[in-house]
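Undergrad: Structure incoming, see below.
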Amino acid sequence: MLHTSYIELSEQAFKNNIKYMREHLTNGARYSMVIKGNAYGHGIETMIPLAEKYGVDHFSVFSVSEAMRAKTVVSPQCDIMIMGWIDKPEIEWAILNDVSFYVFTFDRLTAACKTARRLKKKARIHLELETGMHRTGFSENELERLIRHIRRYRNNLEIEGICTHYAGAESINNYNRIRQQIKVFNVTARRLSGEGILPRYRHTACSAAVLRYPETIMDLVRVGIANYGFWPSDELRMNHFIDSEKKGVPPMDPLDRVLSWKSTVMSVNFVGAGEYISYGTTYLTNRDTTIATVPVGYGYGYTRTLSNMGHVLLHGKRVRVVGSVNMNMLVIDVSDVKKPKIGDEVVLIGSQGDLKISVSSFGDMTNSLNYELLTRLPSHIPREVVD
Ligand SMILES: *Cc1c(COP(=O)(O)O)cnc(C)c1O
């Protein structure tokens with residue numbers, strides 16, 4: 001094996017997740033799969049062909065560089081939408097390549113109009129509305145000017161969408177805020193349509209909104225984390241179980257994890273009792289110990305916070321990470337494993353035998369979210385689709 005670890009992506013899990021999410025689109029809304037953050041760590045180039053196989057034909061990215069990567073693998077009939085970063089020089093690339101992009105400032109709007117006029121080709125844009133998240137978007141008091149601008153450049157623009165993003169639809173803490181955002185969005189959408197601005201797509205929903213606020217589904221949804229088999233929050237998972245029980249069906253998790261992360265035992269050593277393991281003095285053996293090294297460290301996305309805390313699976317058993325996680329290696333205590341040897345499979349995330357290490361439990365231990373851990377998995381680790 002050339003690389004020190006590898007990622008496996010389960011086709012069946014993905015197929016299942018996408019089917020579950022689509023079941024919520026009873027009005028026929030279009031499904032956009034969010035593949036920002038290297039497809040939440042799963043790999044843009046690997047996930048797009050897999051998604052296309054199951055009928056996905058719209059992909060949302062954050063930046064123009066992600067859009068360029070997506071373009072290298074995507075079929076020509078699919079759409080790509082940039083939700084965040086695009087600088088003026090790349091606007092030309094986007095227009096020429098039929099990539100649509102968010103517009104949330106007059107600066108970008110002007111650049112889009114001028115570039116489109118020069119190229120004699122319409123820019124496909126999505127107007128982002130500020131509805132209460134207070135991050136990006138045109139606010140209420142900018143609407144007059146926005147409408148004037150759009151009228152002036154109507155031959156150079158295709159207003160493909162109007163959109164907004166909710167400030168945390170996965171948490172009950174934000175309930176009132178989300179309700180207010182929905183209201184503001186609908187009022188603004190009506191006002192724009194009154195002015196003759198009728199985009200093809202009104203779109204606001206992320207995974208959590210699709211699951212808990214069906215009225216946000218509108219004409220297109222932007223689903224990210226759920227495709228990969230994660231709930232946007234534990235609250236939503238619990239809600240799902242409670243709903244199932246009310247309907248008298250067993251509380252089963254409808255989402256399956258797509259990603260597993262695996263490596264291999266690199267060396268096995270014996271250490272007497274009373275010795276320190278790895279750098280420094282954070283771990284002292286209290287018995288004769290068999291240790292193994294695994295060639296994955298914080299330089300590969302295995303966070304240092306898991307020093308003396310993490311667990312991995314070896315021979316179907318849960319074993320502890322001992323000592324500090326190094327840049328390229330971690331050490332595990334394999335004393336309770338029968339005949340550990342070089343080349344044995346080590347599961348960092350995923351299942352082995354009956355046991356499972358989930359990113360969530362990894363996340364609880366390190367106090368960071370699924371989203372963050374996944375996107376930190378380096379893009380150079382090879383990714384392979386398995387059944
Ligand atoms: C990330 C993102 C999404 C998808 O969110 P999930 O919670 O992963 O479904 C949708 N819209 C925008 C604007 C985003 O940035």
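Undergrad: Return a yes/no flag: does the stretch 171-179 have any residue that is touching a Pro at 6+ places or on another chain (Cβ under 8 Å) and part of a loop (DSSP other than H, G, I, E, B). Write out each step before concluding.
TA: Step one: of the stretch 171-179, the residues touching a Pro at 6+ places or on another chain (Cβ under 8 Å) are none.
Looking for residues that are touching a Pro at 6+ places or on another chain (Cβ under 8 Å) and part of a loop (DSSP other than H, G, I, E, B), one finds none in the stretch 171-179, hence no.
Undergrad: In addition: Can you give me the number of residues within the stretch 315-358 that are part of a strand (DSSP E or B), farther than 18 Å from T285 by Cβ and in contact with a Pro (Cβ under 9 Å, 6 or more places away or on another chain)? Full working, then the answer.
TA: As a first pass, look at the stretch 315-358 and keep what is part of a strand (DSSP E or B): 317-322, 330-333, 345-352, 355-357.
Retained after the next criterion (residues that are farther than 18 Å from T285 by Cβ): 317-318, 345-352, 355-357.
Imposing the further condition that a residue be in contact with a Pro (Cβ under 9 Å, 6 or more places away or on another chain) reduces the set to none.
Selection size over the stretch 315-358: 0.
Undergrad: List the residue pairs whose Cβ atoms are under 7 Å apart, where the first residue sits in the stretch 186-215 and is within 20 Å of Y31 (Cα to Cα), the second is more than 16 Å from the ligand (Cβ to nearest atom) and small (G, A, S), and the two are 6 or more positions apart or on different chains.
TA: R202/A189
Undergrad: Answer with yes or no whether V296 is among the aliphatic types (A, V, I, L, M), assigned to a loop (DSSP other than H, G, I, E, B) and more than 30 Å from N176 (Cα to Cα). Give the steps one after another, and end with the answer.
TA: Working: among the aliphatic types (A, V, I, L, M): yes; assigned to a loop (DSSP other than H, G, I, E, B): yes; more than 30 Å from N176 (Cα to Cα): yes.
The answer is yes for V296.
Undergrad: Looking at E245, E235, can you tell me which residue is in contact (Cβ under 8 Å) with a residue 40 or more places away in the chain and either within 30 Å of E170 (Cα to Cα) or surrounded by 14 or more Cβ atoms within 10 Å (Cβ to Cβ) (or both)? Give the steps one after another, and end with the answer.
TA: Values: E245 fails: in contact (Cβ under 8 Å) with a residue 40 or more places away in the chain.
Of E245, E235, the one residue that is in contact (Cβ under 8 Å) with a residue 40 or more places away in the chain and either within 30 Å of E170 (Cα to Cα) or surrounded by 14 or more Cβ atoms within 10 Å (Cβ to Cβ) (or both) is E235.
Undergrad: Take E245 and tell me if it is within 16 Å of the ligand (Cβ to nearest atom), over 28 Å from G28 (Cβ atoms) and either part of a helix (DSSP H, G or I) or in the same structural domain as T164 (by TED's automatic domain parsing) (or both).
TA: no
Undergrad: Picking from T131, T136, which residue would you name as being in contact with an Asp or Glu (Cβ under 7 Å, 6 or more places away or on another chain), among the polar types (S, T, N, Q), over 30 Å from L259 (Cα atoms) and not in a helix (DSSP H, G or I)?
TA: On the way: T131 fails: in contact with an Asp or Glu (Cβ under 7 Å, 6 or more places away or on another chain).
That would be T136, the only listed residue that is in contact with an Asp or Glu (Cβ under 7 Å, 6 or more places away or on another chain), among the polar types (S, T, N, Q), over 30 Å from L259 (Cα atoms) and not in a helix (DSSP H, G or I).
Undergrad: Given the criterion within 34 Å of the chain's Cα centre (by Cα) and among the polar types (S, T, N, Q), identify the matching residue among T293, T281. Show your work before the answer.
TA: Working: T281 fails: within 34 Å of the chain's Cα centre (by Cα).
It is T293.
Undergrad: For the stretch 56-101, name all the residues that are under 27 Å from T131 (Cα atoms), open to solvent by 10 Å² or more (accessible area, probe 1.4 Å) and of a type in the set (S, T, Y).
TA: S63
Undergrad: Hey, can you tell me all the residues within the stretch 138-177 that are within 16 Å of the ligand (Cβ to nearest atom) and surrounded by 20 or more Cβ atoms within 10 Å (Cβ to Cβ)?
TA: F138, E160, G161, I162, C163, T164, H165, Y166, A169, E170, listed by residue number.
Undergrad: Pick from K339, K317: which is without any contact (Cβ under 8 Å) to a residue 24 or more places away in the chain, over 19 Å from T4 (Cα atoms) and open to solvent by 30 Å² or more (accessible area, probe 1.4 Å)? Even if it seems obvious, please write down each step before you answer.
TA: Working: K317 fails: without any contact (Cβ under 8 Å) to a residue 24 or more places away in the chain.
When all the criteria are applied, what remains is K339.
Undergrad: List the residue pairs whose Cβ atoms are under 7 Å apart, where the first residue sits in the stretch 117-141 and is over 24 Å from S32 (Cα atoms), the second is surrounded by 15 or more Cβ atoms within 10 Å (Cβ to Cβ) and among the acidic types (D, E), and the two are 6 or more positions apart or on different chains.
TA: L119/E92; S139/E130
Undergrad: Mind listing whichever residues of the stretch 111-135 are on the phi < 0 side of the Ramachandran plot and surrounded by fewer than 16 Cβ atoms within 10 Å (Cβ to Cβ)? Outline the logic, then answer.
TA: Step one: list which residues in the stretch 111-135 are on the phi < 0 side of the Ramachandran plot, which gives 111-119, 121-131, 133, 135.
Selection gives K114, R117, R118, L119, K121, R135.
Undergrad: Something else: If I filter the stretch 178-225 down to residues being more than 14 Å from the ligand (Cβ to nearest atom), charged (D, E, K, R) and out of contact with any strand residue (DSSP E or B) (no Cβ under 6 Å at 6 or more places or on another chain), which single residue comes out as most open to solvent (accessible area, probe 1.4 Å)? Can you show your working first?
TA: Going residue by residue through the stretch 178-225, those that are more than 14 Å from the ligand (Cβ to nearest atom) are 179-180, 182-184, 186-200, 214-215, 219.
From what's left, charged (D, E, K, R): 179, 183, 190-191, 195, 200, 215, 219.
Then drop every residue that is not out of contact with any strand residue (DSSP E or B) (no Cβ under 6 Å at 6 or more places or on another chain), which leaves 179, 183, 190-191, 195, 215.
Details: R179: 84, K183: 128, R190: 157, R191: 79, E195: 75, E215: 87 Å².
In this case the residue turns out to be R190.
The values are calculated or read from the model by the stated rules, or taken from the named source; none is laboratory data. Computed from a predicted model, the values in this text were never measured in an experiment. Neighbour counts are summed over all protein chains in view; Cβ atoms, including those assigned to glycine, are modelled from backbone coordinates with ideal geometry. These accessible areas exclude ligands, DNA and RNA; they are computed on the full protein's heavy atoms, side chains included. Shrake-Rupley method; radii C 1.70, N 1.55, O 1.52, S 1.80 Å.
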